[in-house]
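Visitor: Pasting a structure here, questions to come.
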Amino acid sequence: MDKKKIVVIGNGMAGARVVEEILGRAPDKFDFVMFGAEPYGNYNRILLSNVLNQTQEADDIFINPLSWYKENGIILHAGIKAVQIDTGRKVVIGRELHPQAAAYAVHDDQFLPGKSVEEAYDYVIIATGSRPFVPPMDGFGGEGTFLFRTIDDCGRIAEYAKQCKKAVVIGGGLLGLEAARGLMTHNLEVTVVEAAPQLMPAQLDAESAQMLKRTMEAMGLTVLLDHKTAQIHRVDGRMHSLIFSNGATTPADLLVVSAGIRPITEVASNSGLTVNKGIVCNDQMRTSDPFIYALGECVEHRGKLYGLVDPIWDQARVLADVISGFNPQAAYQGSKIGTKLKVMGVELMSLGQKEAAGPGDEVVVYREPNRGIYKKIIVRDNKLHGVILLGDTTAGDVLMQMFLNEQNVPESRSDLLFGDVKGTAFIRAADLPDGAQICNCNGVSKKTICEAISSGCETVASIGARTKAGKGCGSCRSMIAQIIEAKLGVVSYDPSEHYYVPGIPLEKSQLIAQIKAQHLKSVSAVFQALAAGKEDADSKAGLASLLKTIWPKDYEDQRDARFINDRVHANIQKDGTFSVVPRIYGGVTSADELMRIAQTAVKYKAKMVKITGGQRIDLLGIKKEDLPAVWKDLGMPSGHAYTKAFRTCKSCVGTDFCRFGVGDSIALAQKIERRFQGIESPHKMKLATAGCPRNCSEAYVKDLGAVAIEGGRWEIYVGGAAGGSVRKGDLLCTVNDHDEVLKYMGRFMEYYREHAKYMERTYTFVERIGIDVLKGILIDDSLGIALKLDERIQTAVDAYKDPWKEADIPVYPAQFEGPKLMDALKEAENNG
C-alpha cells in the first residue's frame, strides 16, 4: 500500500510531538516532511531561560537531534518558512529565511529572493506556534531592543549585554521574569515593567503576587507595576531610557519584551482557512479544510487559546488518533489548565481559579511571609476548583491529580496542604479514570500506560521507554508502579533499572569489568566500545566519575562530559554566578587566611560571605570569568563543594579546649581532609569527628563519622544522614588510634566508590548492602579484598591534584569565559 504524505508546518515542540504520536500508532503508514523556520532541529523552548542564564548550553536543550529525522525517514526543511498552502494543487509553499531574520518573520525583505520549496501533500498539520506580543510604543525595533522567544534571541541578547549596564524587561509574567533572571547573570541591573497591578496576573492572586514581588526584589530585581511604556528615548542613536505613559522614566540600555504571545496564523490566512484569534479547529483538530489539521499555540478551539504544554500534548494525542485511523472518533474536549514551575528559582503551582466565585466556595489559606510561602485552595462542591502554592509545592502532585480528575477532597481541608504529601491517603492510581494524566512532564495518561502494559510492558522503565512517562522529573514513577501492580499483580524486574548509567546496558560490576578489560579511559571510548558509538548525554557525568575512580592517574578528562560545576570547579548559583569554597582543614583557619578571604570578597564584589554547615567560608556571587583570579588571591586549595566527592570533615574542639574531650578530634579531622581531599565518589561524602559522645559536630549523622570514647579509642560510623533524610549511622568498628580511623574510613570509601550506584548516597548504600555484610567485607575480610581496597584508595590519594591550579593553565581556552551561544548553536547543529 502506498504511503500517504503528511506535511508538518512547524518544527517546534508541537510539531515534533504530533509526529512522534503518529509514528507510535502507525509507524509505516505515512511519509513526513517538516518545515521549520529556525535552522535547527527542534528544542525545548521552556528551557530557553536556562540558556540565557547560563545554566545550560544551547545544545543541551535540543529534544530530537538530526539523527531522529533520518531514523524515521523525515525530510526536514530547516530555515524554510511555509508561507502558503495551495489547497487546489495540494502543495505547501515555503520560502528560505534570511539568516538574520527571526523565525516569526513575515515581511518580504526577511526572505532570500528566489529561494522557495514546494511539497505536495495528502494531509497538512499546522503547528506554527506563537510570536511575542509587543505592546505599542515608539522606537521598538531599533538597536538594543529584543524579543525573547527563540534560541537565536538568546544569542543576540547575550552578545549585546556585554556592552550594557541597565536592562529592562517588559512583562511581569512567567517568561518576563525568567528573561529577567537570565539578564541578571550577565551582570546587569534589571528592572521588570508590568502593565498590570501585580506580577504573574494569570497565575497568582494579589497577595501571593505581592509576596513574589518581595522575593524578587530581595534577589536584586527592581519591579515597576502599573507602568505602560510609551517611548524609547535614545541619545546619539543608543538607548538611554524608557518613558512611561504616566510621564515617569527609567534608565535602560537594553530592552527585552516578553509580554505575552499571539498565535502565528499567516500561513492559514494566506491559504483561505478560517482564522479568528487563532486557527479555528474542531474537536478532531481539523481546520475548515478537511485535509488540514492544526495544534498548539496557533490554534483556537471552542473560542479558547492555550499557551501551555499540557494542552498541546492532549491535542497531539487526539490528532494522531484521528489522522492515523487509530481512533477516528477521538475528540479534544479542551484542557484544564494547571502549571507547576519555577520562577527565578521560586517553586510555584497554579491550578484553576485564583479567587472564590461565590459565597459557597471554601477558601483555605496558609501564609508564611518571612519564608515566602503561600498556600491557597478553593473548594466547591467538595472538589478543588483552584490552587496556588508559592515557595513550597511539596503537595503539588497530589493536588494536581485531584484537580485534573475532579476527585473529592478530604473533610479536613488542611490535610491537603500539610497531610500526607505523598498522596497515599488521598489517591490510589488504580482508582483514577483512564483519562487521568499521570505524567505531567510528557502528557501521558493512565490509559496510555495501561495500553503499554497490555502490549507487554511490565516495568516502570519499559513504560518510560514506550510512553516517556516518568522520564521527566520522575515524581510520577510511584504511580506508574501502582498501575502496573493493579493490572499485573506485581511490578516485574527490569535489568535496565540497574544499569549504572542509562546509555550503557550493563550494571556497575559488569561495566567496570569491561572498562578494565578493554582499557577504556575516556567517556567517548566507553560509548564507542560498549554502545556502538551512540553517545547518551544523561550518561556522561556518571561515566566520567566512574572512569576517574577506576583510572585515578590515567583517566582522559573530556571536560565536555562533565557538569558545568565540574568544568569550572565552582558551584553555579541560580543567578548564573558561582560559589567559591576554599578548603579549611578540619574547620580551623588562621587570621592570615581570614584576611585573604575578606580582601578577595571585597575585590571581586562577592554578593554574600557565608559560614557553611561544614565549618567553611563560602564566597557567593563570583563571576565565572573571575574564578581563576579569585583562586590565586585566596592562595588556598579547592574545597570541592561543587562535585560528587569527599567534601569536608567537620570537627569539634576536642581535647584542645573542651573539658569533656577524650580524643583529639581537630587533629584527626585535619588528617582526614588532607588524605581524602578530592576523592570522587558516586555522590558527595560529608564527614565529621567528635571528641566525645556528646556529638557536637554531628558525627553520628554523617556519611562517615569518628567519635572518641574513653581509653583513647574511636568508633567509626557509616551511612548517617541529616538532610532531607535523617538517619543515625551504623557502627562499623571501634579502633585504637588515628591511623586505624584513616585505614577503615578509606576502606569503606573505596568499597562505596566501587559498588554504589551513581547518585546513591551512603545511607541508602549501607541500608542496601547491610551493615553486617559490610563489617564482614571491610573488617573481617570475608571476600579477601581488604588489602586491594587499601591499595586502590591509596592510588586515588596519590593522584590528587588541586583543580584550582587550572587558574594558571586552563584545560581549554574558553574554560572561564561566558558561553558563546551562537558558536554553541552551530556546534549543536553540526553534531545533530
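Visitor: Please tell me which of these pairs span more than 21 angstrom C-alpha to C-alpha: Lys354/Lys574; Lys605/Lys801; Lys342/Lys446; Lys553/Lys788; Lys213/Lys354? Numbers along the way, then the final one.
Guide: Details: Lys354/Lys574 28 Å; Lys605/Lys801 28 Å; Lys342/Lys446 26 Å; Lys553/Lys788 17 Å; Lys213/Lys354 17 Å.
In this structure, Lys354/Lys574; Lys605/Lys801; Lys342/Lys446 lie more than 21 Å apart at Cα.
Visitor: How about Lys4: which lysines have a C-alpha closer than 20 Å to its C-alpha, ignoring those fewer than 8 places off in the same chain?
Guide: Lys29, Lys70, Lys90
Visitor: Oh, and also: Using 0.36 nm times the number of residues separating Thr87 and Asp538, minus their current alpha carbon distance, what extension gain do you get?
Guide: Net length gain for the segment: 158.0 nm.
Visitor: Divide by every residue of the chain the summed helix terms, -39500 (n - 2.57) for each DSSP H run of at least 4, and state the resulting mean residue ellipticity at 222 nm, rounded to the nearest 500 deg cm²/dmol.
Guide: Numbers: 25 runs with 250 residues, N = 832.
That calculation yields -9000 deg cm²/dmol at 222 nm.
Visitor: Right, something else. Check Gly386: other-chain or 5+ apart residues with amide H under 5 Å from its amide H, H built from backbone geometry?
Guide: The list, which skips near neighbours in sequence, is Gln353, Ile378.
Visitor: Classify segment 428-490 from the C-alpha gyration tensor, please: rounded if a/c falls under 1.5, else prolate or oblate depending on whether a/b exceeds b/c. Numbers along the way, then the final one.
Guide: Numbers: a/c = 1.40, a/b = 1.15, b/c = 1.22.
Taking the square roots of the gyration eigenvalues as a ≥ b ≥ c, segment 428-490 is rounded.
Visitor: Another question, then. Just to check I understand the Karplus step: with θ = phi - 60° and J = 6.51 cos²θ - 1.76 cosθ + 1.60, what whole-Hz values come out for segment 782-792, glycine and proline as x?
Guide: With coefficients 6.51, -1.76 and 1.60, one gets 5, 9, x, 10, 4, 5, 5, 4, 4, 5, 6 Hz.
Visitor: In debye to the nearest 20, how big a dipole does segment 705-771 give about its Cα centre with +1 on each Lys and Arg Cβ and -1 on each Asp and Glu Cβ? Intermediate results must be reported in sequence, preceding the final value.
Guide: On the way: 9 positive and 10 negative charges, 65 e Å.
It works out to roughly 320 debye.
Visitor: Taking all protein chains in place and a 1.4 Å probe, what share, in percent, of the accessible surface of segment 145-259 do carbon and sulfur account for? Could you put the intermediate results ahead of the total?
Guide: Details: 2180 of 4210 Å².
C and S fraction of accessible area: 52 percent.
Visitor: Quick one: which residues, 5 or more positions from Ala294 or on another chain, have an amide H under 5 Å from its amide H? H modelled 1.01 Å from N in the peptide plane, none for Pro or chain starts.
Guide: Answer set, sorted by chain and number: Ile126, Thr287.
Visitor: How large is the accessible surface per residue of the chain, computed with a 1.4 Å probe and reported in Å² as a whole number? Please list the in-between numbers first.
Guide: Working: 35550 Å² over 832 residues.
Computed with neighbouring chains in place, this is 43 Å² per residue.
Visitor: Where does the charge balance sit around Gly171 when Lys and Arg score +1, Asp and Glu -1, over other residues with C-beta under 11 Å from its C-beta? Spell out each step's value before the answer.
Guide: Details: positive: none; negative: Glu178, Glu194.
Surrounding charge for Gly171 is -2.
Visitor: A follow-up question, please. Within the accessible area of segment 499-562, what % is carbon and sulfur when the probe is 1.4 Å and the other protein chains stay in place?
Guide: Working: 1340 of 2980 Å².
With neighbouring chains kept in place, the figure for segment 499-562 is 45 percent.
Visitor: Ok, one more. Please work out the C-alpha center-to-center distance from segment 113-134 to segment 477-525 and express it in whole Å.
Guide: 42
Visitor: If you don't mind, another one. Residue farthest toward the positive end of the dipole of segment 644-801, with Cβ of Lys/Arg at +1 and Asp/Glu at -1: which of Ile666, Tyr758, Ile777?
Guide: Tyr758
Visitor: With N denoting the number of residues in segment 337-417, provide Rg(C-alpha) divided by 2.2 N^0.38 Å, to two decimal places. Don't skip to the end; give the middle numbers.
Guide: Values: Rg = 12.0 Å, N = 81, 2.2 N^0.38 = 11.7 Å.
Here the Cα radius of gyration is 1.03 times the empirical estimate.
Visitor: Once the other residues with Cβ under 11 Å from the Cβ of Val409 are scored (Lys, Arg +1; Asp, Glu -1), what is the net sum? Walk me through the numbers before you get to the answer.
Guide: Values: positive: Arg380, Lys383, Arg413; negative: Glu362, Asp381, Glu406, Glu411, Asp415.
After counting each charged neighbour, the total is -2.
Visitor: Between Thr589 and His498, what is the label-point separation in nm under the 7 Å Cα-to-beta-carbon projection?
Guide: 4.7
Visitor: Please work out whether segment 499-597 counts as rounded, prolate or oblate from its C-alpha gyration tensor, where a ≥ b ≥ c are the square roots of the eigenvalues and a/c under 1.5 means rounded, while otherwise a/b larger than b/c means prolate and anything else oblate? Numbers along the way, then the final one.
Guide: Numbers: a/c = 3.19, a/b = 2.12, b/c = 1.51.
Verdict is prolate for segment 499-597.
Visitor: Let's see if you can work this out: charge +1 on each Lys and Arg Cβ, -1 on each Asp and Glu Cβ, no other charges. What is the dipole magnitude of the chain about its Cα centre, in debye to the nearest 20?
Guide: Computed charge dipole of the chain: roughly 780 debye.
Visitor: Let me ask something else. Nothing charged except the Cβ atoms of Lys and Arg (+1) and of Asp and Glu (-1): what's the magnitude of the dipole of segment 499-562 about its Cα centre? Round to the nearest 20 debye. Please report the intermediate quantities before stating the final value.
Guide: Numbers: 9 positive and 8 negative charges, 37 e Å.
My answer is approximately 180 debye.
Visitor: Work from the charge dipole of the chain (Cβ charges, +1 for Lys and Arg, -1 for Asp and Glu, about the Cα centre) and give the residue of Thr549, Thr287, Ala601 farthest towards its positive end.
Guide: Projecting each Cα onto the dipole axis, the largest value belongs to Ala601.
Visitor: With no solvent and one point per C-alpha, what does the Debye sum give as log10 I(q)/I(0) for the chain at q = 0.08, 0.10, 0.11 Å⁻¹?
Guide: -0.82, -1.28, -1.50
Visitor: Separate question: What fraction of the DSSP beta bridges in the chain is antiparallel, stated in percent and rounded to the nearest 5?
Guide: Working: 80 of 126 bridges.
Antiparallel bridges make up about 65 percent of those DSSP assigns within the chain.
Visitor: Pick out, from Pro637, Val134, Thr55, the residue whose Cα sits farthest towards the positive end of the charge dipole of the chain, with +1 on the Cβ of Lys and Arg and -1 on the Cβ of Asp and Glu.
Guide: The one lying farthest along the dipole's positive direction is Pro637.
Visitor: If you take every residue apart from Val701 with its C-beta less than 15 Å away from the C-beta of Val701, what net charge results, scoring Lys and Arg +1 and Asp and Glu -1?
Guide: Details: positive: Arg647, Lys650, Lys684, Lys686, Arg694, Lys702, Arg727, Lys728, Arg761; negative: Glu698, Asp703, Glu715, Asp730, Glu767.
Net local charge, Val701 excluded: +4.
Visitor: Here's a follow-up. Hey, what do the phi angles of segment 550-556 turn into as Karplus ³J(HN,Hα) couplings, whole Hz, using 6.51/-1.76/1.60 and θ = phi - 60°, x for Gly and Pro?
Guide: Here the 3J(HN,Hα) series is 6, 10, x, 9, 10, 4, 8 Hz.
Visitor: I'd like the carbon and sulfur percentage of the solvent accessible area for segment 714-764, probe radius 1.4 Å, heavy atoms only, ligands and nucleic acids excluded.
Guide: Numbers: 840 of 1860 Å².
C and S fraction of accessible area: 45 percent.
Visitor: Run the quick spin-label model on Lys521 and Lys728: label points 7 Å from Cα toward the beta carbon, then report their separation in nm to one decimal.
Guide: The two pseudo-label positions are separated by 4.8 nm.
Visitor: While we're on this one: ³J(HN,Hα) across segment 182-190 via Karplus (A = 6.51, B = -1.76, C = 1.60, θ = phi - 60°), whole Hz, x for Gly/Pro?
Guide: So the J values, rounded to whole Hz, are x, 5, 4, 6, 9, 6, 10, 7, 10.
Visitor: Once you put a point 7 Å from the Cα of Ala513 and another 7 Å from the Cα of Lys70, both along the Cβ direction, what distance in nm separates them?
Guide: 3.4
The values are calculated or read from the model by the stated rules, or taken from the named source; none is laboratory data. Not measured: the values here are computed from a predicted model. Every residue, glycine as well, gets a Cβ built from its backbone with ideal geometry; the counts of neighbours run over all protein chains shown. Accessible surface is based on the protein model in full, side chains and every heavy atom, while ligands, DNA and RNA are left aside. Shrake-Rupley method; radii C 1.70, N 1.55, O 1.52, S 1.80 Å.
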